Amino acid sequence: MPDLIEPMQALLAGAVPAAEDHFGFEFKWDGIRAICYWNGRSLRLQTRNRNDVTARYPELWALRNQLGDRRAILDGEIVALDARGRPSFEQLQQRMHLTAAAEVQRQMQATPVAYLLFDVLYLEAASLVAQPYAARRERLLGLELAGSHWQTPPHQVGDGRTLMRASLDNGLEGVIAKRLDSPYEPGRRSGAWLKVKNRLRQEFVIGGWVDGEGRRQGVPGALLVGYYEDGRLVYASKVGTGFTDATLARIAALLRPLERATSPFDAGQPPGRPHFVEPRLVAEVEFSEWTRGRELRAPSFKGLRDDKDPREVVRELHGNS
């Protein structure tokens, strides 16, 4: 059984693919990607940047009981649900950064998570990555994995536009379209999988902040964010909305030890009198559009992403990310 399988990733697309009958469609979940490894003795949950987050989600450990002696590697998304039963990345922020066992147990009661499974990569001594998506989905459904904190959401073949409308009506991120004949390509961002979003949203590297004023005095008033292009960090925008007081306090505590005298941005410079930091933190930001000057219009902070490597953050355009 492999110790590591890098997650396959999707390309951004502007619309549902025209050849809909050649694709399976799934909702795009607003959480963190996690590969589950069960070797018959121990269960491990690992994020895209290889962080072991098993200890952060004790409610998922019982999945091993349902797998039993069937050694498996599964792919899915860890989500937290809001009061309406919809995945909420804001809610997940209450869980995804915890390390102390007592705090994990306390928050597990207040903010439980669910593991939404969408692929099986290895099963009972056999690798499945070379098998087509349609066959892997059948194997996954055959496992009948359903519990109080994990499930296998349905997918549909064809008619992706209907699922896209349903995602919009239910306040979800969008859909993922996966070619029925596509193998699993570990670690690759492949055109066999396409993500179609209802709103523009992506990760950005935090390169600094500007001081807050009024009730935000003493904490950041806005974050300065950018993305990598040809190995250079490019300034994209100032993000000053979407924060709670608790989030700002936590971000301030994380940024201060990273402060540096010079700008980390290799292209574009933020206005005013910014504080600069080492580019080690990643934020998820929602926005209305890219301007002609390659800045963000109406950006809003959604959360920190410690499951993402800053060097992998690029400007997401249709067909490249």
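Read-outs: derived from the displayed coordinates by stated rules, not from any lab. From a predicted model like this one, the values you see are computed outputs, not experimental measurements. FYI the Cβ positions are ideal-geometry reconstructions off the backbone, even for glycines, and counts take in every protein chain you see.
For the stretch 87-194, state which GluC sites (Glu not before Pro) are in a DSSP loop and have at most 13 other beta carbons lying within 10 Å of their beta carbon.
Listed in order of number, the matching sites are GLU124, GLU144.
Please compute the length gained on full extension between LEU317 and GLN105, using 0.36 nm multiplied by the number of residues separating them and subtracting their Cα-Cα distance.
Length gained, LEU317 through GLN105: 72.3 nm.
So, by mean Cβ neighbours within 10 angstrom, what's the order for 197-204, 156-163 with the highest one leading?
Order by mean packing, descending: 197-204, 156-163.
Quick one: what does P(r) look like for the stretch 9-192 with 10 Å bins over all Cα pairs, in whole %?
Spelled out per bin, shortest first, that is 9, 36, 37, 16, 2, 0.
Let me check against my output: what whole-number percent is the relative contact order of the chain, with C-alpha pairs under 8 Å and at least 6 apart?
Taking the mean separation of contacting Cα pairs over the length of the chain, I get 21 percent.
Largest first and in whole Å, give the semi-axes of the stretch 200-312's equivalent ellipsoid, each being the square root of 5 times a Cα gyration tensor eigenvalue.
Values for the stretch 200-312, descending: 19, 16, 14 Å.
Pick out, from ALA222, MET1, VAL129, the residue whose Cα sits farthest towards the positive end of the charge dipole of the chain, with +1 on the Cβ of Lys and Arg and -1 on the Cβ of Asp and Glu.
Towards the positive end, the residue furthest out is ALA222.
Just order 62-68, 311-317 by mean Cβ neighbour count inside 10 Å, highest at the front, would you?
Output ranking for 62-68, 311-317: 311-317, 62-68.
Could you give the length gained on full extension between ARG44 and HIS22, defined as 0.36 nm per residue of separation minus the Cα-Cα distance, in nm?
In short, 4.6 nm is gained.
Return a whole-number percent for the relative contact order of the stretch 9-192, with Cα pairs under 8 Å and 6 or more residues apart as the contact set.
That works out to 33 percent.
Let me have the relative contact order for the stretch 239-321, percent, based on Cα pairs under 8 Å that are six or more residues apart.
It comes to 28 percent, rounded to a whole number.
Please build a GNM for the chain, connecting alpha carbons under 10 Å apart, and tell me which residue among ARG70, ARG139, ARG41 fluctuates the most.
Comparing ARG70, ARG139, ARG41 in a Gaussian network model of the chain, the most mobile one is ARG41.
For the stretch 221-271, what Kirkwood radius comes out of the mean inverse Cα-Cα distance, in Å?
For the stretch 221-271, inverting the mean 1/r across all distinct Cα pairs yields 12.2 Å.
Quick check: pseudo-label points 7 Å beyond the Cα along Cα→Cβ at LEU4 and THR247, how many nm apart are they?
Distance between the two pseudo-spin positions: 3.2 nm.
Which log10 I(q)/I(0) values does the chain give at q = 0.08, 0.09, 0.10 Å⁻¹ under the Debye formula, counting every alpha carbon as one identical point scatterer?
-0.38, -0.48, -0.60
Quick one: net charge around ALA102, please, counting Lys, Arg +1 and Asp, Glu -1 for every other residue with C-beta under 15 Å from its C-beta.
So the environment of ALA102 carries a net charge of +2.
Could you rank the peptides 206-215, 179-188 by their average count of other C-beta atoms within 10 Å per residue, with the highest value first?
The peptides rank, most packed first, as 206-215, 179-188.
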